[in-house]
Structure formats: structure tokens, C-alpha cells
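Okay, structure first, notes after.
The values are calculated or read from the model by the stated rules, or taken from the named source; none is laboratory data. Fair warning: this is a prediction, and the values are worked out from it, not measured in the lab. When we count neighbours, we look across all protein chains shown, and the Cβ atoms used for this are built from the backbone with ideal geometry, even at glycine. Note: accessible area is taken over every heavy atom of the protein model, side chains too, but ligands, DNA and RNA are not part of it. Shrake-Rupley method; radii C 1.70, N 1.55, O 1.52, S 1.80 Å.
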Amino acid sequence: MDIYNLPGHSPGSCVIKSDSYLFTGDIIYKNGLGAGSIPKEDKLLLKQSILIFFNTFDDIDLVLPGHGESEFLLNIKNNNLDLKNFLL
């Protein structure tokens, strides 16, 4: 098991990777975007963390978010329009 510090949603946001499972909390979702949901969120830092997230993990890894359904990373990259727009 590995822990990756990926702040932005909150100062202590992290991702826990176990085998091909990514426990992401509120950093990334299958659909939609959690940005703007807490007072200490830093949108610029969140964007940077999501880009690092995309470049660190494999497309076949299963994302298990803090809310909503799980999904493979590749499908999130391709289908989460809110996330795509946030990263522009």
C-alpha cells in the first residue's frame, strides 16, 4: 500500500493505492466535480494534483471515490466532462 499526498480539495488530501485500487476521497469522482465544496479548498492546487494523479496512476486502476460510484481511471479521463472543463 502506498500513500500519495495530493492536496487541493483540502490541505491534507491524499490517495491511497493498494494493488490496482485507488482510494481517492474527494479528489476525483466518476462523474462531476467536487471543487468548491469546502472552505480551505485551493482550486489551483487541486488542478495540479489532478494532473499529477493522471500522470502517476495507470488507466486500468480502479478509482474508489469518497462519494458515488467507482470507475476505471481511463473512463473518468474520457467521460467526466466537468473534470475536463475544470482542467482547462
According to the square roots a ≥ b ≥ c of the eigenvalues of the Cα gyration tensor, what is the shape class of the chain, taking rounded for a/c under 1.5, prolate for a/b larger than b/c otherwise, and oblate for the remainder? oblate
Placing unit charges on C-beta atoms (Lys and Arg positive, Asp and Glu negative, everything else neutral), compute the dipole magnitude of the stretch 10-88 about its Cα centre in debye, rounded to 20. 260 debye
Averaged per residue, the 1.4 Å probe accessible area of the chain, protein heavy atoms only, in Å², is roughly 58 Å²
In the chain the accessible area split gives carbon plus sulfur, as whole percent at 1.4 Å, a share of 54 percent
